[in-house]
Structure formats: C-alpha cells, structure tokens
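Structure first, commentary second.
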Amino acid sequence: MTYLLALDQGTSSSRSIVFDEAGRVVALAQRELPQVYPRPGWVEHDPMEIWHGQLATARQALASAGLGAGDIRAVGITNQRETTVLWNRRTGQPVHHAIVWQDRRAESTCVQLREQGHEALIQARTGLLIDAYFSGTKLKWLLDHVPGARAQAERGELAFGTIDSWLIWQLTGGASHATDVSNASRTMLFNVRTNQWDSELLDLLGIPASLMPEVKPSSAHYGEVRPELLGGAIAIGGVAGDQQSALFGQACFKAGLAKNTYGTGCFLLMHTGAQFQTSSNGLLTTSAAQTSAQTEFALEGSVFVGGAVVQWLRDGLNAIQGSAEVEALAQSVPDSGGVMMVPAFTGLGAPYWKPDARGTITGLTRGTTLAHIARAALESIAYQSAALLLAMSRDAVSAGAAPLAELRVDGGASINDLLMQFQADLLGIPVIRPAVTETTALGAAWLAGLSSGVYRGTDELSSLWRAERTFLPTLGTGRAAELMAQWEHAVRQTVLA
C-alpha cells in the first residue's frame, strides 16, 4: 500500500493526515495554535511554534498509522495563505512574529496605494483588490518597523515566505526556499498572468527581489524532508494554499466547477480555466492549484460570518449550549416565520463590500420564537453563499461560459443537512457533500501524489472522488427568487445612513 502525508497548517491549529492511495484517511493528529493579539486589529503567530507544532503532529500521525518514513511516498503541504514570515537565512530564525492574514496594521499603506491610483494596475496583474489582507503590505510593514530588517534584506540576509515557504525551509534545513503559484497569487506582488514576481509591484512597495521564494507549480518537487525529522528522507511533492487545495481536493479541475467551504466564514471558489477573468461582481481572481506551468485561475469570494453566527447564538446570546443543538432547534419550526438575520458583524464582504454594514434581525412579530431566530441564523449562511454563487454565475455567463451546474461543499457546517438542503433550494442546483470531507488536506496529498507518480493525472483523481450525499432543490425557481429578493431587502437595511 502507498501512503501520502498531508501537513495542514491552519490559523487555529496544525494538523497532519496520512491518506492511502484511494484518498481514505488512515490517521490524523492535531495541535492547537495559540493566537497573539498585541493590539486591537493586530493578529500574530509565533513561527517557531508553528514549525514545532506541525512537526509534532506529523510524527504523531505516522505513529498512529504505524508507519515509517519509508512507507510515505511524498509529503503535501497546505496552509493559511496570506500570513507573512520574515527570517534570517543563516540562522533560520524569524526576525518577528508572523503577521496573520486577519491583521489590519498595513491598512495605511493600502490607503496610500489607493490614493496614488494603483488599483487598476494591481488588479490587472494580480487579480486582487488592494487590501491589508494580502502579504505584500505586511512584508513592507516588517521591513519598515523591525530594527535593521530593511538593511539586512538589502544585503540578501533575509528570506520572506508565507507559511508553506516557512515549513519547506525548516523541513529541508534551508535547502529549499520555494512557494507555489496559489500562495504566491495571494501576496499582491505576483503577476498571475506570467507566473512571476512582478518587479514593478516589488518596487512600488520597496521590497528587494532577493527576499522572494522560487515559485513552482503546485505539484512539483520542493526538496527532501531532512532524514532526522521523520526517520528518513521524504520528497515534498505538493503545495497549495488552503482554499485552492480544497478546490483541488473536491476534484474541481475544470472551468465551471465550484466548491464552498463552510467554516467560521465561507470561502467560495469557482474554477475558470486557463483564462484570466476580472470579476464584474466584486470577486477576486486568483491562481488555482496548478499541476504544470500552464496558468489556471479561479474566482473567489468570502463570506465573513458563516458558522460564526452559530457561535454567536451560543456565546453572545446564550441561546444554545452547544453548536450541535442549532439544527434540531431550527428544525422545530417549518420556516423562519419571516425573520431575516444578516450577520454583518464585521461588515459585508463580496459581492456587497459594505464595511459599514452592521448585523440586523428583521421581520420580528409577537409570534417569533428563539427557534425562528435560530433558523434565520442558519439560513443566513446559505443566503450569503447564494448571493456569492449567483454573482459567480453572472461572471461566468458574461465570459461566455455556462452558469454554475452544481456546488461541492465541505467544512464543519456542511454536515448540517438542513443548511445544505436550503442551500440547494436557493441555488436551484444540486449541492454535493463528498465522502471524504478533509478536502483541504486531501488536495495537498493528491498534488504530492501526482508529482511522485502515485497518480497518472487528474482524470484518475476525479474517479477517486466520491459523493456522500446529494441535496437536490425542492423549491420552485419563483419561490427561491422571492426569498433572495427578501434577503437583498434585508441587506439594504444593514446600512442606516
């Protein structure tokens, strides 16, 4: 039997999963990652804690599976994407904590870039909107604020990377300083049309090119894990940012296939093929995981508050004791009774982009119960996702492609049958939940398996992907349109001014 090891380094935890060649989970280990909040709006991680925790879970997963390094054909890595690390090339030590993707400290740089009129240039080359979310402005902040960092960088003494590059460096003992196209595409420094670092954008932010990692396809040889770490040398054969890895793990290899990950927020990606396409509906264009030098793209949109609305019911309102209770409570009523909840706790993201929006509950009557509010909260996840998916379909149609035909789902909230059924009803297309829901880690394992010869190509991977359940729409299109119109009316009420 052939096995693959996936390292899944996320925002709140580091995980390692051993898969067999059929894509089945053999063993899993997980370790929580502490968050550091030095100031309001600032979020950091300790890079050494990330490294040591990830290595510990890899060792634990192998031990749980009863396997050694010789049983593992290759390692795949998937990671929180925009989190930024700067380290010393000689010592391998970080010069500062990692700045996490959620961190907003670089917003002043973004304001300056917008005021200088660079938005069109940056979107045309990177597919991204100017935002502190992305790595480039975080890296500029480190160079400007860590004593001596800029001088060291200009002497070629420092290396930059997102978490994948940091782990590759540590795993290979500094022999490989590399990243993949999907992670590079989230830096705001990478030309996604040419798959190269953009010298004009590097100059714009004052970033020396010597800092940057080599960019490779997502399925490629990234070096060898040092033998002393896992008991033997193992090839690192696949790397992708978490959302692109999930798209790959859902076997969405062709234009028109889409996935939605239902976590704290929701991340929707639709594969758009080899053509760069700028959204007319507030979505980002990003590089999909690539198995060769051929460019592949996806449209991406994020729902800020997905499963977090259930956490708010539990922790904010004390309406439920545990998150698992929400489905039974919501199912105790036939519908939301006209109640609409828009959980704009931190504004609304795509396709609305309303940072000043605030959460609302509308449609309350004397007959409204906690069950109606719970159902409206659950349904808000589906409404937000539907608005995003419908925007994606409009972009697809305007580009001459077919509208979305099905949606593949994963993430913690995808196990909620009521939510998945309502999602299918709103969209009017099948919603498909896979048999293996660890799609992010599976994508990394598959990418590693391709480069190491375990799989012949994506057609073979498509044959391995299995549906666990398909939710078919039961609402008429007219009724679904009415409900979406009610949702859009509720969204308009979230901004009072």
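The values are calculated or read from the model by the stated rules, or taken from the named source; none is laboratory data. Note that this is a predicted model, so its numbers are computed, not measured. Glycine gets a Cβ as well: all are built from the backbone with ideal geometry, and neighbour counts include every protein chain shown. Each accessible area value is taken on the protein alone, full model and side chains, heavy atoms only, with ligands, DNA and RNA left out. Shrake-Rupley method; radii C 1.70, N 1.55, O 1.52, S 1.80 Å.
Tally up the carbon and sulfur contribution to the accessible surface of the chain as a whole percent, 1.4 Å probe, everything protein left in place.
51
Could you order 25, 95, 342 by accessible surface area, starting with the largest, using a probe radius of 1.4 Å?
The ranking, largest first, comes out as 25, 95, 342.
Kirkwood hydrodynamic radius (Cα pairs, Å) of the chain?
Hydrodynamic radius (Kirkwood, Cα only) of the chain equals 23.1 Å.
In the chain, what is the count of Lys pairs whose alpha carbons are under 26 Å apart, counting only pairs at least 8 residues apart or on separate chains?
Taking the chain as the scope, the lysine pair count is 6.
Using a 1.4 Å probe, how large is the accessible area of residue 280, given in Å² and rounded to the nearest 10?
For residue 280, solvent-accessible area is about 100 Å².
Among 118, 88, 56, flag the residue with its Cα farthest along the positive direction of the charge dipole of region 1-157, charges on Cβ as +1 for Lys/Arg and -1 for Asp/Glu.
88
Give the accessible area for residue 114 in Å² (nearest 10); use a 1.4 Å probe, count only protein heavy atoms, and leave out ligands, DNA and RNA.
80
Report the Rg/Rh value for region 162-270, based on alpha-carbon coordinates and the Kirkwood definition of Rh.
For region 162-270, the value is 1.02.
Could you pull the Cα extents of region 99-187 along its three principal axes, largest to smallest, in whole Å?
42, 31, 23
Just check region 247-300 against the gyration tensor rule for me: Cα atoms, a ≥ b ≥ c as the square roots of the eigenvalues, rounded for a/c under 1.5, and otherwise prolate or oblate depending on whether a/b exceeds b/c.
It comes out oblate by the Cα gyration axes.
Using the alpha-carbon centroid of each, what span in Å lies between region 92-132 and region 198-246?
20
Measure off 7 Å from each Cα along the Cα-to-Cβ vector at residue 318 and residue 402, then give the distance between these two points in nanometres to one decimal.
The modelled label-to-label distance comes out at 5.3 nm.
Taking amide H positions as placed 1.01 Å from N in the peptide plane, with prolines and chain starts having none, which residues 5 or more places from residue 180, or on another chain, fall under 5 Å of its amide H?
216
For a Förster distance of 35 Å, can you work out the FRET efficiency between the beta-carbons of residue 56 and residue 325, rounded to the nearest 0.05?
E(calc), rounded to 0.05, equals 0.60.
Using alpha carbons only, how many degrees (0 to 90, rounded to 10) separate the axis of helix 477-492 from the longest principal axis of the chain?
Tilt of helix 477-492: around 70 degrees.
Would you mind telling me the antiparallel percentage of the DSSP bridges in the chain, rounded to 5?
70
Tell me, what is the per residue accessible area of region 33-152 in Å², probe radius 1.4 Å?
About 40 Å² of surface per residue is accessible.
Which percent of Cα pairs goes in each bin when the distances of region 47-128 are cut into 5 angstrom slices starting at zero?
Distribution as computed: 3, 10, 13, 16, 15, 13, 12, 7, 5, 4, 2, 0 percent.
Each residue of region 47-52 in turn: what ³J(HN,Hα) in whole Hz from Karplus with 6.51, -1.76, 1.60 and θ = phi - 60°, glycine and Pro shown as x?
x, 5, 5, 4, 5, 5
With Kirkwood's inverse mean 1/r over C-alpha pairs for Rh, give me the Rg to Rh ratio of region 377-489, two decimals please.
1.04
Where the centre of each part is set by its Cα atoms, how far does region 286-330 sit from region 18-60, in angstrom?
19
How tilted is helix 370-398 with respect to the longest principal axis of the chain? Cα atoms for both, answer in degrees (0 to 90, nearest 10).
For 370-398 against the chain, the angle is about 60 degrees.
Classify region 220-316 as rounded, prolate or oblate from the Cα gyration tensor: take a ≥ b ≥ c as the square roots of its eigenvalues, call it rounded if a/c is under 1.5, otherwise prolate when a/b beats b/c and oblate if not.
Oblate, because a/c is 1.5 or more while a/b does not exceed b/c.
Can you work out the accessible area per residue across region 286-402, with the rest of the protein chains kept in place, probe 1.4 Å, in square angstrom?
40
Run through region 317-363 and list the chymotrypsin sites (Phe, Trp or Tyr not before Pro) located in a DSSP loop whose Cβ has at most 13 other Cβ atoms within 10 Å.
Here the sparse-neighbourhood loop sites are 353.
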